[in-house]
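Down below is the structure, laid out as structure tokens.
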Amino acid sequence: MDISSYVLLSHEQALRRRLDVTANNMANTSTVGFKREQPVFHEYVERSGENAVPSARKTSYVLDYGAVHDVQLGAFQPTGNPLDVMIDGPGYLAVETPEGTAYTRAGFVKVLLSGDLATAGGQRLLDANGKPVNVPPDQLGNLSIGADGSVVGSQGPLGRLAVTVFENEAAVSPRGDGLMTAAGGRILAAGETKLVSGGVEGSNVQPIVETTAMVEILRSYQSSQRLTQGMEELRKNAISRLGRFT
């Protein structure tokens, strides 16, 4: 293949990446706490040798750089459970997993048989010290979670849920089980934390926006294919004409 074919191939690979991300967004339209992703691409410029044609000494390719999260809040969805919480602002709830601490914005909260607060998937929620928040059996009836993350029972505070923020959202990566992995976060102080109890945060994916994006990706791919076919015809015609002089 010539240089033009490689350039078009890099463009089509970028379109495939955009399609995968967009399809994943669409699939998570109803996923609680899901943040839509957007791929990021960089331009990669390859410099040819001194003997190259001057106009072709710099060739620009598309380089997949990763994906970033749209941090816009999703809509509040009441659940009727006073323990469920929505993070009104940036940050993630810290949870305990066998692989270490993970993070989530899905605020479904329940009490395990051990008395520990946990997510809907059974992962124990952690406090600012990285320890589970435990609720004694005699305080289960009047349990509540305050705006600053404080867990309060009938006899007073029992702990405070940790809300962790990350300066670089691009470093927060999905694990595939509804949880996120990241490093270097900062736990918000009580005055910086704002939780809304009685519901959870819905996905911030807008189906119409994602559908429009998929149509644009398809049209771009079709245009790229037409260019490829056009260049193939030019090569055939050039070879045919050169053959007449041999």
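The values are calculated or read from the model by the stated rules, or taken from the named source; none is laboratory data. Since we're looking at a predicted model, the values are computed, not measured. Cβ coordinates were reconstructed from backbone atoms using ideal geometry, including for glycine residues, and neighbour counts include every protein chain displayed.
Data for the structure
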read-out: Residue check for Lys236: surrounded by fewer than 16 Cβ atoms within 10 Å (Cβ to Cβ) and within 30 Å of Leu113 (Cβ to Cβ); value: no
read-out: Residue check for Ala189: under 23 Å from Asp88 (Cβ atoms) and without any contact (Cβ under 8 Å) to a residue 12 or more places away in the chain; value: yes
read-out: Qualifying residues in the range 162-176 (those that are outside any loop (DSSP other than H, G, I, E, B) and either over 18 Å from the mean Cα position of the chain (by Cα) or not polar (S, T, N, Q) (or both)) - the one farthest from Pro90 (Cα to Cα); value: Pro174
read-out: Within the range 177-220, tally of residues that are part of a loop (DSSP other than H, G, I, E, B) and either under 16 Å from Val32 (Cβ atoms) or not small (Gly, Ala, Ser) (or both); value: 13
read-out: Every pair of residues 6+ apart whose Cβ atoms lie under 6 Å, when the first sits in the range 135-163 and is more than 14 Å from Leu117 (Cβ to Cβ) while the second is among the polar types (S, T, N, Q) and loosely packed, with under 12 Cβ neighbours inside 10 Å; value: Ser154/Asn142
read-out: The one condition in (1) assigned to a helix (DSSP H, G or I); (2) closer than 22 Å to Ala27 by Cβ; (3) β-branched (Val, Ile, Thr) that Ile239 fails to fulfil; value: (2)
read-out: Selected residue (only one of Leu73, Leu113 is more than 25 Å from the chain's Cα centre (by Cα) and either at pLDDT below 95 or over 21 Å from Thr181 (Cα atoms) (or both)); value: Leu113
read-out: Residue tally, condition loosely packed, with under 13 Cβ neighbours inside 10 Å and either assigned by TED's automatic domain parsing to the domain that holds Lys35 or among the charged types (D, E, K, R) (or both), over the range 153-195; value: 3
